[in-house]
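The structure appears right after this line, and notes come after that.
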Amino acid sequence: MKLRRDTLLAFLLPILGTVCLLRSEAVGQKVVIVTTDTLTSTQRSVSGVKSVVRSANPEAQFREILLNQDVDKAAQFRDSILALHPDVVVTNGTDATQFAKSNLGRTPIVFSSVMYPVTSGFAETFNRPGGNITGASLSIPPRTQFEYFKTIIPNLKTIGVLYSSNTASMIPPAQVVARSCGLELIALKVDSDKDLAARVDSITRVTNGLWSLADPSLFTPQSTKYILINALRRGTPFMGFSRILVESGALFALDFDYKAVGRQAGEIVCQVLKGAQPANISVTTPDIVWFHYNEKTAQHMAIKMPDSLVAIAKEVYR
């Protein structure tokens with residue numbers, strides 16, 4: 001009887017091992033998605049990530065974590081995420097990505113909807129991010145922005161930009177790109193609110209147009225209003241960094257499709273799940289760009305918006 005039991009176990013163990021292996025594979029790889037809000041843009045981005053990953057990995061398991069802004073709970077969230085043993089963590093936005101970078105060790109991280117990943121310290125460069133983080137950015141290349149500007153203002157020669165210490169590192173490469181587009185980019189640093197009036201006055205006197213960077217320390221509600229009013233007063237075309245500025249009076253802006261950005265992040269997640277290292281996966285820029293313009297501002301400045309751009313405008317503000 002003992003011999004039969006041993007013989008039976010010897011027969012069953014390989015089968016049981018195979019069954020366990022199959023069950024393990026069926027569980028699928030774990031993807032933890034970390035967000036800090038429930039905005040529509042965030043939901044669209046997350047939806048884009050999931051749609052791509054599910055298509056390539058039907059058995060993938062998703063777990064969504066909404067971070068509390070209470071810094072005292074950071075360790076609790078960290079432990080909860082690490083206890084899930086994720087194969088990759090997807091973050092949406094700068095705050096979620098900073099949390100992941102600071103708390104999740106060497107866990108592979110793929111971000112979505114981060115404006116300036118290099119300036120934020122998440123990537124060394126777009127082409128070679130290094131470390132364990134890469135992802136899909138919201139950064140529309142300066143060349144693309146300058147080409148739109150020249151299409152609207154064909155005789156554009158000089159453009160100005162205001163910046164702070166937060167965005168100072170972006171100015172030299174943007175100036176190189178501007179020169180290659182036949183433009184001179186004049187940059188003035190704003191060190192404090194007291195500097196703003198003088199800088200706006202100076203830059204609107206010596207340039208044909210104003211470009212902008214998404215710098216939260218510079219573009220506060222009060223300073224944004226001041227810049228917009230004075231650009232309109234001087235008749236200086238102002239390119240905003242988002243459609244919200246166009247709605248407020250900027251001449252035009254380029255915007256992005258958050259779901260499309262999420263899909264780009266999802267494609268990167270699939271590469272990581274196949275074994276690719278984030279350090280070697282280039283950070284992407286938006287592959288879908290939307291054009292917005294303010295018709296009232298254009299009329300005020302006697303600017304005729306090119307028919308080619310009117311035809312593709314996502315939103316026209318009047």
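The values are calculated or read from the model by the stated rules, or taken from the named source; none is laboratory data. Keep in mind it's a predicted model, so treat the numbers as computed, not measured. FYI the Cβ positions are ideal-geometry reconstructions off the backbone, even for glycines, and counts take in every protein chain you see. Remember, those area values only see protein heavy atoms, side chains included, never the ligands or the DNA or RNA. Shrake-Rupley method; radii C 1.70, N 1.55, O 1.52, S 1.80 Å.
In table form, for the structure just shown:
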item: Ranked packing of 91-98, 145-152, most packed first, by mean Cβ within 10 Å; result: 91-98, 145-152
item: Region 224-318: proportion of alpha-carbon pairs further apart than 22 angstrom, %; result: 43 percent
item: Built amide H within the under 5 Å cut-off of Thr91, gap 5+; result: Val34, Val110, Phe111, Ser112
item: Cα-centre dipole for the chain with unit charges at Cβ (Lys and Arg positive, Asp and Glu negative), debye to 20; result: 380 debye
item: Farthest toward positive dipole pole in the chain [+1 Lys/Arg, -1 Asp/Glu at C-beta], among Ile203, Thr285, Gln76; result: Thr285
item: Kirkwood-based Rg to Rh ratio, region 79-174, C-alpha trace; result: 1.11
item: When each of Lys150/Lys194; Lys157/Lys194; Lys101/Lys189; Lys194/Lys225; Lys157/Lys314; Lys30/Lys314 is checked by Cα-Cα distance, pairs over 25 Å; result: Lys150/Lys194; Lys157/Lys194; Lys101/Lys189; Lys157/Lys314; Lys30/Lys314
item: Translational D in µm²/s for region 265-316 (Stokes-Einstein at 37 °C, 0.692 mPa s, Kirkwood Rh from C-alpha pairs); result: 229 µm²/s
item: Viscosity 1.306 mPa s, temperature 10 °C, Stokes-Einstein D of region 30-77 from Kirkwood C-alpha radius, µm²/s; result: 133 µm²/s
item: Cα-based Kirkwood hydrodynamic radius, the chain, one decimal, Å; result: 22.0 Å
item: Cα-based convex hull, region 148-232, per residue volume (Å³, whole number); result: 89 Å³
item: Dipole moment magnitude, nearest 20 debye, region 66-195 about Cα centre, only Lys, Arg, Asp, Glu C-beta charged; result: 420 debye
item: Accessible surface of Met115 - all protein chains present, 1.4 Å probe, nearest 10 Å²; result: 50 Å²
item: Straight-distance crosslink candidates among aspartates and glutamates, where the alpha carbon sits under 20 Å from Lys50 and sequence neighbours closer than 8 are dropped; result: Glu25, Asp37, Glu59, Glu64, Asp87, Asp257, Glu267, Asp287
item: Selection from Gln175, Ser41, Gly235, by position along the positive dipole direction of the chain (Cβ); result: Ser41
item: 5 angstrom amide H check on Ile186, placed H, neighbours 5+ away; result: Ile159, Gly160, Val161
item: Check: region 39-86 dipole with +1 on Lys, Arg Cβ and -1 on Asp, Glu Cβ, in debye; result: 220 debye
item: Signed unit charges on C-beta, dipole axis of the chain, positive-most listed residue Val161, Ile140, Ser55; result: Ser55
item: Relative contact order [Cα under 8 Å, 6+ residues apart], the chain, whole percent; result: 20 percent
item: Modelled label reach - Arg128, point 7 Å along Cα→Cβ, region 158-182 residues with backbone N closer than 19 Å; result: 173
